[in-house]
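> Once you've had a glance at the structure underneath, I'll fire off some questions.
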There are 2 protein chains.
Amino acid sequence: MTTSLPWQNLQQRLLEINDLQSAAALLHWDQATYMPPGGAAARGRQLATLQRLAHDRLTDPALGDLLERTWDWPQGSDEAALVRLARRHYQRARRLPNAFIGELVSHQAHTYAAWAQARAEDDFALVQPYLEKTLRLSRDLASFFPEAEHPLDALIEEEDPGYSCRDLKALFSELRQHLVPLLAEITATPPPDDACLTQYFPAAEQLAFSRRLVARLGYDLERGRQDQTLHPFMTKFSLGDVRITTRVREDNLGEALFSSIHEMGHALYEQGIAPHLEGTPLAEGTSSGMHESQSRFWENLIGRSLPFWEWCYPQLQAVFPTQLGSVSLEEFYRAVNKVRRSLIRTDADEVSYNLHVMIRFNLELALVEGSLEVKDLPAAWNHYYQTDLGLTPPTDREGILQDVHWYGGQIGGMFQGYTLGNLISAQLYEALQADQPDLGSRVRRGEFAPISTWLRTHVHQHGAKYTPQELLQRATGSPLRVEPFVNYLRRKYEEIYS
Amino acid sequence: MTTSLPWQNLQQRLLEINDLQSAAALLHWDQATYMPPGGAAARGRQLATLQRLAHDRLTDPALGDLLERTWDWPQGSDEAALVRLARRHYQRARRLPNAFIGELVSHQAHTYAAWAQARAEDDFALVQPYLEKTLRLSRDLASFFPEAEHPLDALIEEEDPGYSCRDLKALFSELRQHLVPLLAEITATPPPDDACLTQYFPAAEQLAFSRRLVARLGYDLERGRQDQTLHPFMTKFSLGDVRITTRVREDNLGEALFSSIHEMGHALYEQGIAPHLEGTPLAEGTSSGMHESQSRFWENLIGRSLPFWEWCYPQLQAVFPTQLGSVSLEEFYRAVNKVRRSLIRTDADEVSYNLHVMIRFNLELALVEGSLEVKDLPAAWNHYYQTDLGLTPPTDREGILQDVHWYGGQIGGMFQGYTLGNLISAQLYEALQADQPDLGSRVRRGEFAPISTWLRTHVHQHGAKYTPQELLQRATGSPLRVEPFVNYLRRKYEEIYS
């Protein structure tokens, strides 16, 4: 990019914000991986300081003045996109009073700790007052954007720009009409036996296998690493340092395996961003939904496909001969694709998963609109699970306390990205398959480079240059559609459940 | 402490500086332990940003105004000490122009990388221009304190306040008069056989043993942890998170063992600081020398003593029965106390160690005074090693390139702390023994709590409240003396080398 003084000044300011945010990300990563218990109190304070300093810089009127200048970058250039995105961040941040940010950041540390305790003790009452404050803060946050059609819009816009509450309601309603009968059909059939997955699998072997696997799928371990944590996530400190975390259960082979592939999908997105965007606001994924499309693409479209297991299963059997030696490929493939009505979103199969998301979306809607109070939330949760999935959580730990999202300090905008990601992943897969008709046979031979190259070319390299809608249009030639996902599910599960 | 508004404001400002420095410390720790290679470039930039922001805050005139107020804290109170120390930090920092700090911070990352390469390739020429710049910057740094008697004084004052170049020359000269003949006497005797230490010792067992050992010696693993690195160090992110690192060599049992005990000694100091000092400038060790006294106390005065090995050796034998089963306690004790003229400071025995330090001190003196040029440094190094230790390094890697210190960005003030630490450790030990005449038999029984309690009471809890001179006087009843150290060496090594 050019070297005019104001442009340098702008880049320097954005880089400083980026450095503070990256430092905060490392403090978070350490908190979730290696930090000893005694470090918790000071760590919360240190994170709040870094976040406050980053926010101060992001809302500095001198940055605003630079952004409001007339920049003559050509339409479609990286620089023009950078200015557009930085303006968006600046203008959003300026809406939020400093006192509000201070209260929010301080509340975040407390509500997370309260949730951890409430979850451990299976006692929603312990976190209820914190969640009430979270709801108040989220409604306050929405109120700083009074021009929005719906208060949820401002919260969604932060994660999935360009999607309104109205759009999502329509989209989810359409998707639901396909999923409910499909799930009913499938669960009317006898389920496959997945006992092969819940034998004893030593942690060290699982970790070594998943590490080799993600490296083979394209994850660059010279620019990343994998560590253990309680709640797996991907994080980035620079384009050269994109890390994933995983969780191992010795009584469940699926946990480390699929969470590793999932987080690797996120990491490939970040590792694939064009190096010249490093340190700018463009050097990140363009939305929650687009990010989730990458993790779900690898986890499900590839990682739960028959060609993938035709290639991978003999290797897995070689590592666990006692456990899997007598389990056929067909049995194993059916086991990792077992569909069932279940209570836990993160364990849900591809068919029912989005119903879990819709329950949360509807609850966010009701809470933010004010038609549901936090005290009535566990009952509402259980009611929806009974209605939509035919199950009532026996404990709040398997119900309202299962997901961290709301307890991180925000209600609203936290879940739609998962379903958007599922839809986008299938639409991308359809476009990829049109470009590479021999996709299945490549996967069967363990050739993943053509896939990651396609994704890098059409999605990753651009970072946040394009809106999610623009990016999807460019990559697939059409706006978001539910058909690719629904067709994918129908085709795959009709075969499995014949 | 009180709640007056200006006092709160002062505390808040100091806490923010502390938070930024702690975040930078975590970025450093990660760089030295887990960071993938691809993260290096951005990490250097992120560290420079945090350091610059901390420096901006430390030199903010509004902080100066607060510090210059008349505070009515009673003489001897923590608050009065805090104001005194914070003034000292502020006034030092204000002497350094922003442009100088910017140049220094940027230079630090480059010179370290150049050293790493020069060391790997054993080629001093690769780092020489960087070291020349380092010398210029260090002389510039000294020049900002023109009132000092000697330019080295300003550099020493930062690490070991209260010791001047003149003091140290006198002290080192006195010590040297004892060490040179003692080393000559000892090395005239046939050396013990230490081949038992250089067998094959698997890394995992070494790490597990050293971890159990440091926990038993008093290191609180709920407020700390141990990880592997290339150059062991201790670091702190809060009083509840004080970490150590170690290096394992499978062909040398001493490496992980003694570096673990050494770093643990540093860590006990930080873990022992009174909790109410958390987040203030008082929550750190009072000087390099006092810090090093703690690491050397545990590593040598305890960790290389006969009573310690009477307790510890059977446990070590149990872990390595093949390697040590037929090695007697006496042989092992003599092996870990083998005295020899050697090339590497960090591997040196207690008797010759300080001669290594004095060589570096004299070279710093000559460089900063301008009587030695960087291009002549390798020759000067080799000359001193021949004169003082009777050896000439066959490679620069075993000579001028061995220590990181100068290549971290400063020449001057970097080494005196090691010898001060050795002297202080023996003086503290003498005072401890006067208080606890049964010290040896306690150690022989593995009772270390009375020792760490004594150190916590007399040294650790105070943090940086007292100057090193005040603290030593309070703990031992006298100013720094060389006799305790010399007497300790004579007594111990005359027995070993009879």
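Throughout, read-outs are computed from the coordinates displayed, never taken from laboratory work. Given the structure is predicted, the values throughout are model-derived calculations rather than measurements. Positions of Cβ are generated from backbone atoms using ideal geometry, with glycine treated the same way; all protein chains shown enter the neighbour counts.
> Nearest 5 is fine: what % of DSSP beta bridges in chain B come out antiparallel, could you say?
Bridges in chain B that DSSP calls antiparallel: roughly 60 percent.
> If you look at just the Cα atoms of segment A:1-95, how large are its Rg and its Dmax in Å?
16.4, 52
> While we're here: Report D for segment B:376-498 in µm² per second (integer): Stokes-Einstein, Kirkwood Rh on Cα pairs, 37 °C, 0.692 mPa s.
Calculated translational D: 187 µm²/s.
> Assuming 0.36 nm per residue, please report the length gained on full extension of the stretch A:Glu205 to A:His405 beyond their Cα-Cα distance.
Here the answer is 68.9 nm.
> A further question on this structure: Using the C-alpha gyration tensor of the protein assembly as shown, what are the square roots of 5 times its eigenvalues, in whole angstrom, with the largest one first?
55, 34, 28
> What are the radius of gyration and Dmax of segment B:220-268, computed over its Cα atoms and given in Å?
Looking at segment B:220-268, its Cα Rg and Dmax stand at 10.7, 35 Å.
> State, to one decimal in nm², a quarter of the convex hull surface area for the C-alpha atoms of segment A:305-464, i.e. the direction-averaged projected area.
12.7
> Evaluate 2.2 N^0.38 Å with N set to the residue count of segment A:1-50, then give the Cα radius of gyration divided by it.
Scaled against compact globular proteins, the figure is 1.60.
> How big is D for segment B:420-492, in µm² s⁻¹ as a whole number, if Stokes-Einstein is applied with the Kirkwood radius of its Cα pairs at 4 °C and 1.567 mPa s?
Here the translational diffusion coefficient equals 101 µm²/s.
> Using the alpha carbon gyration tensor of segment A:75-127, what are the three equivalent-ellipsoid semi-axes (square root of 5 times each eigenvalue), largest first, in whole Å?
Over the Cα atoms of segment A:75-127, the semi-axes work out to 39, 15, 7 Å.
> As a check on your grasp of the helix formula, calculate [θ] at 222 nm for the protein assembly as shown: sum -39500 (n - 2.57) over DSSP H runs of n ≥ 4, divide by the residue count, round to the nearest 500.
Calculated mean residue ellipticity at 222 nm is -19500 deg cm²/dmol.
> Quick one: the Cα spread of chain B along its three principal axes, in angstroms, biggest first?
Its Cα atoms span 67, 51, 47 Å along the three principal axes.
> Inside 10 Å of the C-beta atoms of A:28-38, what's the mean count of C-beta atoms belonging to other chains?
Average per residue, whole number: 5.
> For segment A:396-460, what is the Kirkwood estimate of the hydrodynamic radius, computed as the reciprocal of the mean inverse distance between distinct Cα atoms, to one decimal in Å?
14.6
> Shape of segment A:266-399 from its Cα gyration tensor (a ≥ b ≥ c, root eigenvalues): rounded if a/c is under 1.5, otherwise prolate when a/b > b/c, or oblate?
Oblate shape, in that a/c is at least 1.5 and b/c is the bigger or equal ratio.
> Another one. Please report, in cubic angstrom per residue, the volume enclosed by the convex hull of the alpha-carbon atoms of segment A:73-220.
274
> Taking the Cβ-Cβ separation of A:Glu369 and A:Arg176 as r and a Förster radius of 22 Å, what is the calculated FRET efficiency to the nearest 0.05?
E(calc), rounded to 0.05, equals 0.65.
> So between B:Thr392 and B:Arg95, what do we pick up on full extension, going 0.36 nm a residue minus the alpha carbon distance?
102.8 nm
> With N residues in segment A:452-498, what two-decimal value do you get for its Cα radius of gyration over 2.2 N^0.38 Å?
1.49
> Using a label point 7 angstrom from Cα along Cα-to-C-beta, what distances in nm, from shortest up, separate B:Thr346 from the other copies?
3.9
> Applying 1/(1 + (r/R0)^6) with R0 = 41 Å to the Cβ-Cβ distance of B:Asp60 and A:Ser164, what FRET efficiency is obtained, to the nearest 0.05?
E between B:Asp60 and A:Ser164, to the nearest 0.05, is 0.40.
> Another question about this same structure. Whole-Hz Karplus ³J(HN,Hα) for segment B:194-202, in order, using 6.51 cos²θ - 1.76 cosθ + 1.60 and θ = phi - 60°, x for Gly and Pro?
Result, rounded to whole Hz: 10, 4, 4, 7, 10, 7, 8, 10, x.
> Suppose you put the label 7 Å out from Cα in the Cβ direction; list, shortest first and in nm with one decimal, how far A:Arg212 is from each other copy's label.
A:Arg212 label point versus its equivalents elsewhere: 3.2 nm.
> Sticking with this one: Could you give the semi-axes, largest first, of the ellipsoid that matches segment B:60-151, computed as the square roots of 5 times the alpha carbon gyration tensor eigenvalues and rounded to whole Å?
For segment B:60-151, the ellipsoid semi-axes come out as 38, 14, 13 Å.
> Also: Using the 7 Å Cα-to-Cβ label point, sort the distances from B:Pro191 to its equivalents in the other copies shortest first and give them in nm to one decimal.
Distances between equivalent label points, in nm: 6.9.
> In B, who owns the beta-carbon nearest the axis carrying B over to A, and how many Å from it?
B:Ala23, 3
> Straight distance only, please: which aspartates and glutamates reach the Cα of B:Lys133 with their own Cα at less than 13 Å, same-chain residues fewer than 8 apart left out?
Here the aspartates and glutamates satisfying the reach criterion relative to B:Lys133 are B:Glu103, B:Glu373.
> Against the empirical 2.2 N^0.38 Å scaling, what ratio does the C-alpha Rg of segment B:156-227 come to?
Output field value: 1.83.
> Near B:Lys338, which lysines are there with a Cα under 24 Å away, not counting those fewer than 8 places off in the same chain?
Leaving aside lysines fewer than 8 places away in the same chain, those within reach of B:Lys338 are B:Lys492.
> Show me the GluC sites (Glu not before Pro) within segment A:105-198 that DSSP assigns to loop and that have at most 14 other Cβ atoms within 10 Å of their Cβ.
Passing both the DSSP loop test and the Cβ count: A:Glu121, A:Glu147, A:Glu149.
> Follow-up question, since we're still on this one. Which of the three applies to segment A:143-283, rounded, prolate or oblate, going by the alpha-carbon gyration tensor with a ≥ b ≥ c and a/c under 1.5 meaning rounded?
It is oblate, given that a/c is not under 1.5 and a/b is not larger than b/c.
> What does the average come to when, for each residue of peptide A:332-345, you count the partner chain Cβ atoms lying within 10 Å of its Cβ?
Per residue, the number of nearby Cβ atoms from other chains is 0 on average.
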